[in-house]
Amino acid sequence: MRTHPKLAHRSAAAVGKSRLYKTRCGPMDPNILNDLNERVLQVLSQSPAADLEKNLRAMLTSVFARLDLVTREEFDIQRQVLLRAREKLARVESKVLELERTLDSTRKS
């Protein structure tokens, strides 16, 4: 029987026991994870971590308010307004060039 290189330093008996343990454990019960999650959330809600989270949220909210940020919706609206303005400017510029050419051609005649 070949031994995995990472297990080479362990005795054959220890390797055999760990394999035996793994086969006896079977699949993990999902209720254990749910219970653990609930207990951790309960501990965190009663700890200073909850206060820290509230204070951090308040601090970030005030920082964001001072930065004068806009929502994504406002940004998208302003982007559309800018695109329409650029399109209109391009049409006006082309019209001005056309009028300048017309003016130049009438002066030369």
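The values are calculated or read from the model by the stated rules, or taken from the named source; none is laboratory data. Everything numeric here is computed off the predicted structure, so don't read it as measured data. Because the Cβ atoms are built from the backbone with ideal geometry, glycine has one as well, and the counts that use them run over all protein chains shown.
Within segment 34-47, does at least one residue satisfy the condition of being assigned to a helix (DSSP H, G or I), among the aliphatic types (A, V, I, L, M) and at pLDDT 80 or above? No - not one qualifying residue is present in segment 34-47. Within segment 57-106, the set of residues being under 41 Å from the mean Cα position of the chain (by Cα), basic (Lys, Arg) and either surrounded by fewer than 10 Cβ atoms within 10 Å (Cβ to Cβ) or modelled with pLDDT of 95 or more (or both) comprises ARG66, ARG72, ARG79, ARG84, ARG86, LYS88, ARG91.
Exactly one of these conditions fails for ASP51: (1) modelled with pLDDT under 75; (2) exposed (fewer than 10 other Cβ atoms within 10 Å of the Cβ). Give me its number. For ASP51, the failing item is (1).
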